[in-house]
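Asks: One structure, pasted below without further comment.
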Amino acid sequence: MNAEKIVLVADADQARRQALIDLLAADDYVVPVASDGEEALLKLEGGQIDLVIAEEDIPGMTGRELLWECVRRWPGLPFIMLTGSGTVRGAVAAIKDGATDYLTRPVDGQELLRGIARILAASGGRTWASSGNLLTEELWGGKSPSMQRLCKLIERVAPTEATILLLGESGTGKEKIAGLLHRLSQRSRGPLVIVDCGSTPSTLLESELFGHAKGSFTNAYKDKKGLVAEAHGGTLFLDEIGNISSEMQLRLLRFLQERKIRRVGDLAETAVNCRVIAATNADLAELVRSGEFREDLYYRLKVITIQVPPLRERKADIPVLAERFLQLFAEDGPLSRLDAEVAEAILDYPWPGNVRELRNMLEAAVILSSDGLIRLEDMQFEDSFDDTPLPGNLLSLAGSEKQVVLNALERSSWVVKDAADLLGVSRRTMHYKIKKFQIDTAKRSA
Ligand SMILES: Nc1ncnc2c1ncn2[C@@H]1O[C@H](COP(=O)(O)OP(=O)(O)OP(=O)(O)O)[C@@H](O)[C@H]1O
């Protein structure tokens, strides 16, 4: 069944390699092997590898370096890192670097096989080594014209050094896009440092970003490097940039102009070479007009602006995103499906929390649905969805919304489709209203 799938095993230890070959070959995988990182790369260059399993401690080029190379050259290629001495820190670092999974030996063979099957199913059966495309793999649901335009823009600007400003509502994927811009850049081997400017108290942000010298203020017990310096050689992602104080705006402006930092309590300046990406869901132009955000900083940040569209403006992407999230949440269990009503409802719903809300709602629905079929009652749509005023010049909107719905139903002899037409809303919306107001259509139409 897996005969077409090729899993490359990179490990210097002959016995461990053989154990993996036996395990995988018994499940019909084709298993080329490599005893070091360089050999693994040669195999990757020469063939159509679907997944890599690499020991962290291979000689020469280490497992970690092999991972970096794979992420750079074949973005999206599934990569499982095996280690004998796993730590949470190591696992977090490997996953951050782009590993699909990080497992500590001894590994349960059956669990590994299940994990591989899941990863390969989620990767859509494509052969990565021949033509990788990180964007379509990572940025799910890029069907809509606006997302296609966005992907083209990302591809064009990622390899440059330009400062980028990502604008868009909360949950549209700005942080995800910042990660992709980094991984597609020349700095992908360097660090990606994420600073949530919104949730860091303004009193702390300065020393968080620029570091401090020991003793420079109470509680500064030791030297601190600062996140800007940590980003040296890589990318600094400043999330929620609209929320920073005027002092911090000035500090950042200076850094962007001079590319040098001075730690709090220090006199010496240090040069930092990092690319800056900033994001906000605030209307920065408006904040500039109202004097709350410095105009000079705004222009420094928006060398290139990427506007990420809200989900409701790219409905074509919703079914694909939903399908991918359901695959993600299926884990080892069976794949949940949306019933026809939900499949329509997710297109009608305005998704105020964007992709994050879709993801969270489906995650909850997978848990709530008892038999793998997700129905309307499993979807926790916000009530405000039902509060959007109904258009309808034939009927008075002055009365309660329930009355409007009842009137429409009465006038249409309780045919929901006709009532929906009368109000100029979709049949789906009409069903929501009926459900919300607990109107018993069966009894009325009888
Ligand atoms: N196109 C996409 N494909 C897959 N997952 C996505 C996509 N867009 C967003 N997500 C997921 O949705 C969630 C929210 O995305 P992200 O944190 O990037 O949004 P954001 O715009 O930075 O939000 P905020 O402004 O609140 O920080 C994350 O779990 C992210 O992985």
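Asks: Of the heavy-atom accessible surface of the range 135-243 (probe 1.4 angstrom), what whole percent is carbon and sulfur? Please list the in-between numbers first.
Replies: Working: 2520 of 4950 Å².
Carbon-and-sulfur percentage of accessible area, whole number: 51.
Asks: E313 versus K143, label points 7 Å from Cα toward the beta carbon: distance in nm?
Replies: The modelled label-to-label distance comes out at 2.0 nm.
Asks: Once fully extended, how much extra length lies between T218 and R156, figured as 0.36 nm per residue of separation less the alpha-carbon to alpha-carbon distance? Could you put the intermediate results ahead of the total?
Replies: Working: separation 62, 0.36 × 62 = 22.32 nm, distance 4.65 nm.
Fully extending the segment from T218 to R156 adds 17.7 nm.
Asks: Turning to a different aspect of this structure: Go ahead and estimate [θ] at 222 nm for the chain from helices alone: -39,500 (n - 2.57) per DSSP H run with n ≥ 4, summed, over the residue count, rounded to 500. Intermediate values should be presented prior to the final figure.
Replies: Numbers: 20 runs with 196 residues, N = 446.
The helix-only estimate for the chain comes to -13000 deg cm²/dmol at 222 nm.
Asks: Enumerate the amide H contacts of I306 below 5 Å, restricted to partners 5 or more residues apart or on another chain; note that Pro and chain-start residues carry no placed amide H.
Replies: L165, L166, L167
Asks: With +1 on each Lys and Arg Cβ and -1 on each Asp and Glu Cβ, how big is the dipole of the range 157-287 about its Cα centre, in debye rounded to the nearest 20?
Replies: Working: 16 positive and 16 negative charges, 132 e Å.
Magnitude of the dipole: close to 640 debye.
Asks: Right, another one. Straight-line reach only, C-alpha to C-alpha below 17 angstrom: list the lysines that K435 could link to, leaving out same-chain residues fewer than 8 apart.
Replies: Output for K435: K402, K417, K443.
Asks: For the range 422-436, take each phi angle, set θ = phi - 60°, evaluate the Karplus expression 6.51 cos²θ - 1.76 cosθ + 1.60, and give the result in whole Hz per residue in order, putting x for glycine and proline.
Replies: 4, 8, x, 10, 6, 4, 4, 4, 4, 5, 4, 4, 4, 5, 4
Asks: So, one more: Which one of G372, A40, A178 has its Cα pushed farthest toward the positive end of the charge dipole of the chain, where Lys and Arg give +1 and Asp and Glu give -1 at the Cβ?
Replies: Sorting the options by dipole projection puts first A178.
Asks: Shifting gears a bit: Give me D for the chain in µm² s⁻¹, whole number, from Stokes-Einstein with Rh from the Kirkwood sum over alpha-carbon pairs, 25 °C and 0.890 mPa s. Write down the numbers at each step before the final one.
Replies: Numbers: Rh = 25.3 Å.
It comes out at roughly 97 µm²/s.
Asks: Which residue fluctuates the most in the chain, going by a Gaussian network model with Cα springs under 10 Å, if the choices are S290, S369, S146?
Replies: S290
Asks: So for the chain, averaging the separation of alpha carbon pairs under 8 Å that are six or more residues apart and normalising by length, what relative contact order in percent results?
Replies: Values: 725 pairs, mean separation 51.1, N = 446.
Relative contact order, the chain: 11 percent.
Asks: So for the pair S290, I119, with labels modelled 7 Å out along Cα→Cβ, what separation do we get in nm?
Replies: 4.8 nm
Asks: For the chain, with the dipole built from +1 on Lys and Arg beta-carbon atoms and -1 on Asp and Glu ones, taken about the Cα centre, which of T429, L77, L362 lies farthest toward the positive end?
Replies: T429
Asks: Which of V415, V342, V30 ends up with the largest GNM mean-square fluctuation for the chain, with Cα atoms connected below 10 Å?
Replies: In the Gaussian network model the winner is V415.
Asks: Out of all DSSP beta bridges in the range 144-307, what portion is antiparallel? Express it as a percent rounded to 5. Can you show the working numbers first?
Replies: On the way: 3 of 21 bridges.
Around 15 percent of the beta bridges assigned by DSSP in the range 144-307 are antiparallel ones.
Asks: What fraction of the DSSP beta bridges in the chain is antiparallel, stated in percent and rounded to the nearest 5? Mind showing how you got there, number by number?
Replies: Numbers: 3 of 38 bridges.
Roughly 10 percent of the DSSP beta bridges within the chain come out antiparallel.
Asks: OK, next. Return the sequence-ordered ³J(HN,Hα) values of the range 65-82 in whole Hz as given by the Karplus equation 6.51 cos²θ - 1.76 cosθ + 1.60 applied to θ = phi - 60°, using x for Gly and Pro.
Replies: 5, 4, 4, 4, 5, 5, 4, 6, 8, 10, x, x, 4, x, 9, 10, 9, 10
Asks: Right, something else. Quick check: pseudo-label points 7 Å beyond the Cα along Cα→Cβ at A282 and K436, how many nm apart are they?
Replies: Going by the 7 Å Cα→Cβ label model, 3.2 nm.
Asks: Within straight cross-link reach of K214, meaning Cα distance under 26 Å, which lysines are found once same-chain residues fewer than 8 apart are removed?
Replies: Here the lysines satisfying the reach criterion relative to K214 are K222, K224, K225, K260.
Asks: Just the number, please: Stokes-Einstein D of the range 7-122 in µm²/s, Kirkwood Rh from C-alpha pairs, 20 °C, 1.002 mPa s.
Replies: Calculated translational D: 154 µm²/s.
Asks: Leaving out ligands, DNA and RNA, and with a 1.4 Å probe, what % of the accessible surface on the range 313-369 is carbon or sulfur?
Replies: Working: 1480 of 2710 Å².
Accessible surface attributable to carbon and sulfur in the range 313-369 totals 55 percent.
Asks: Would you please give the FRET efficiency between S170 and D371, computed as 1/(1 + (r/R0)^6) with r the Cβ-Cβ distance and R0 = 30 Å, to the nearest 0.05? Before the final figure, lay out each step's value.
Replies: On the way: r = 33 Å, r/R0 = 1.11.
Computed FRET efficiency for S170 and D371: 0.35.
Asks: Would you mind getting the accessible area per residue of the range 313-369, heavy atoms of the protein chains only, 1.4 Å probe, in Å²? Write out the running numbers ahead of the final one.
Replies: On the way: 2710 Å² over 57 residues.
Per-residue value: 48 Å².
Asks: Let me ask you something else. What is the magnitude of the charge dipole of the chain about its Cα centre, with +1 placed on the Cβ of each Lys and Arg, -1 on the Cβ of each Asp and Glu, and no other charges, expressed in debye to the nearest 20? All intermediate terms of the calculation are to be shown ahead of the outcome.
Replies: Details: 55 positive and 65 negative charges, 231 e Å.
Taking the Cα centre of the chain as origin, the dipole is about 1100 debye.
Asks: Long-range amide H contacts for L338: which residues qualify at under 5 Å (H placed 1.01 Å from N, peptide plane, sequence gap of 5 or more or a different chain)?
Replies: Under 5 Å from the amide H of L338 lie the amide H atoms of I374, each far enough along the sequence or on another chain.
Asks: Debye calculation, C-alpha points only, no solvent: report log10 I(q)/I(0) for the range 52-203 at q = 0.09, 0.21 Å⁻¹, in the same order as the q values.
Replies: Values, matching the q order: -0.34, -1.43.
Asks: Now for a separate question. At 10 °C and 1.306 mPa s, what whole-number value in µm²/s does Stokes-Einstein give for the translational diffusion of the range 131-269, with Rh from the Kirkwood sum over Cα pairs?
Replies: Answer, rounded: 96 µm²/s.
Asks: Here is a follow-up. Which residue, G291, G226, G60, tops the fluctuation ranking in a GNM of the chain built on C-alpha contacts under 10 Å?
Replies: Looking only at G291, G226, G60, the biggest GNM fluctuation is shown by G291.
Asks: Roughly how big is the range 67-208's charge dipole about its Cα centre, with Cβ charges of +1 (Lys, Arg) and -1 (Asp, Glu), in debye to the nearest 20? Write out the running numbers ahead of the final one.
Replies: Values: 17 positive and 14 negative charges, 104 e Å.
Result for the range 67-208 is approximately 500 debye, rounded to the nearest 20.
The values are calculated or read from the model by the stated rules, or taken from the named source; none is laboratory data. Fair warning: this is a prediction, and the values are worked out from it, not measured in the lab. In this analysis, Cβ positions are derived from the backbone assuming ideal geometry, glycine residues included, and neighbour counts consider all displayed protein chains. Remember, those area values only see protein heavy atoms, side chains included, never the ligands or the DNA or RNA. Shrake-Rupley method; radii C 1.70, N 1.55, O 1.52, S 1.80 Å.
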